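Below: the structure, in structure tokens.
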Amino acid sequence: MSSRLFYGSCNVENTLSSAVQGKMGKKKEERQPLLVSSNEPLNDTYDRSVIPRPDLRHSPDNVVVHLAGGPMEGGSTPDAGQGHPPGKPPKPDFDPVLNRNLEHPTSNLDTMIHLLKGNIGSGILAMPDAFSNAGLVVGTIGTLVMGLICTHCMHILVKCAHELCRRTQVPALGFSEVVEAAFATGPSRTRHVSHIAKILVNIFLCITQLGFCCVYFVFVAANIRDVVAHFWVDLDLQVYLGLLLVPMIVLNWVKNLKYLAPVSMFASILTITGLGITFFYMLQGLPRTSSVHAFAPWHKLPLFFGTAIYAFEGIGVVLPLENNMETPQDFSGLTGVLNTGMVIVAALYTSVGFFGYLKYGDKVAGSITLNLPSGDLLAQSVRVMMGLAIFLSYGLQFYVPFNIVWPLIKNQLHTEKAQLYGEYAVRTAIVIFTFILAALIPDLGAVISLVGAVSSSALALIFPPLIEIITFWKVGLGRYNWVLWKDLAIVMFGLLGFGFGSYASIENILNGGKS
């Protein structure tokens, strides 16, 4: 359940020393370029031993660097405008892939596993609720179309990242650095707002991850409450939220994510097991499709959009995974790792949504686990497994907002002791903040839809096409270019989902989930 974070970034922000750049420069004639006009295959004989970088599979402590768009302690991030020496034009044959020095690069299978894990989170359990807001037909078609658009936007991000790496002469860029580099190297009118664009992306990343943390709080509390109510006594949801607060705080006092790596693996095993048992219950005694709505009322569609885009919001993990591949040329392409993984993800989301809604109809809950028969011990074990898995995954989601907020506060603390206590205070404050939001909005489905509509739509649907327009504006995006109109259509779709989805989700929250 580490969701969109895992084992991602692996310090690609470390800049090359001048000595290393010289050594790499001598070998450039021997290497084939990546993602340029030539269709020749990548030469995989380049030297990866110059600057070792942490292994994607064994360095979860580096997970948030690329996602948050800023350096972690001890690391540095290349400035989009300072990738090559001042006063010298960038080298046109610079290939970012050949300048990535991986000590332990990941295989295609490793990348596929991480991609699946990064996209399959708590959102998959909310897909039946999403289908209830769209209907069986619209939900099925809409989920597949949403997956297609989100996958295309991931391809856009990877393509633009390679182009901008060549322009700025850096081996790799994170999400927010890609946005900053696109604005900084694009049309003159966009250059003065490049840093603002980077800040905006970081804000949306922070909102997204804080939203995930709120969902995790509510999800764990709701499942624990259901189990305890069956065997002992039924207490208010806020009681369980309060009981979770101290364990959540202690869990997030862990500074090094390496210690959470075994925990994350255990959570993944629980998730797979729980999902399998959930399918076992969903597929038993399915009614006819005529028993549920094929088309839901139009005013509910924005709620479907918010929940679906929340589930598909794995775009933050794309660049970290591609940056750490041994053969990054296998990431894109019709049968590449990205397309293969996202087909599996879309199939899982669609099947869970379809069969979950068909099984439970309009009585489906914000998480399908809450619909499993309460009198069955196996069903109760699913709630325990999924609740524990989500609880253990909170720490990974927490690290993104923490690594965005903490550097800003750390710069104001000038002694080592102040920084030590300040870090614990910030960690505690962020957990308490998500706890308060979860207590104020305990409706799981409404929270998921709101987070998806507000921030996930911006990161997954609005920024990638904008980046493509700005990046390639000078080299072929004219008034009658179909790429321009395609990107504008995706942006408009994202903006409509952002606006109507946010409005419908807020209205649903204010009406107590009765809209």
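The values are calculated or read from the model by the stated rules, or taken from the named source; none is laboratory data. Remember, it's a predicted structure, so these values are computed and weren't measured experimentally. FYI the Cβ positions are ideal-geometry reconstructions off the backbone, even for glycines, and counts take in every protein chain you see. Calculation scope for accessible area: heavy atoms of the full protein, side chains included, ligands and nucleic acids excluded. Shrake-Rupley method; radii C 1.70, N 1.55, O 1.52, S 1.80 Å.
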Inset, instruction - For region 418-481 and region 96-126, compute the distance between their C-alpha centroids and round to whole Å. - result: 20 Å
Inset, instruction - Quote the charge dipole size of region 103-513 about the Cα centre in Debye, to the nearest 20; the model charges only the Cβ of Lys and Arg (+1) and of Asp and Glu (-1). - result: 580 debye
Inset, instruction - Send over a whole-number figure in Å² for the accessible area per residue of region 103-513, probe 1.4 Å. - result: 39 Å²
Legend entry - Separation of the Tyr259 and Gln412 label points, Cα + 7 Å toward Cβ, nm: 2.7 nm
Inset, instruction - Report the FRET efficiency, 1/(1 + (r/R0)^6), for Leu148 and Val475, where r is their Cβ-Cβ distance and R0 is 41 Å, rounded to 0.05. - result: 0.95
Legend entry - Cβ-derived FRET efficiency at R0 22 Å, Val228 paired with Leu283, nearest 0.05: 0.20
Legend entry - Accessible-area value, Met112, 1.4 Å probe, nucleic acids and ligands omitted, Å²: 30 Å²
Inset, instruction - Pop a pseudo-label 7 angstrom from the Cα along the beta-carbon direction at both Leu440 and Gln329 and give the gap in nm to one decimal. - result: 5.2 nm
Legend entry - 5 angstrom amide H check on Gly135, placed H, neighbours 5+ away: Ala296
Inset, instruction - Would you kindly find the accessible area of Ile124, with a 1.4 Å probe and non-protein molecules such as ligands, DNA and RNA excluded, rounding to the nearest 10 Å²? - result: 0 Å²
Legend entry - Relative contact order (percent, whole number), region 103-513, Cα cutoff 8 Å, 6+ residue spacing: 35 percent
Inset, instruction - For region 103-513, report the translational diffusion coefficient in µm²/s to the nearest whole number, using Stokes-Einstein at 10 °C, 1.306 mPa s, and a Kirkwood Rh over Cα pairs. - result: 72 µm²/s
Inset, instruction - At 7 Å along the Cα-to-beta-carbon direction for both Leu109 and Trp485, put a label point, then send me their distance in nm to one decimal. - result: 4.6 nm
Legend entry - Residues Ile203 and Thr428, FRET efficiency given R0 of 22 Å [Cβ-Cβ distance, rounded to 0.05]: 0.50
Legend entry - Linear extension gain, Ser381 paired with Ser291, 0.36 nm per residue minus alpha-carbon span: 29.5 nm
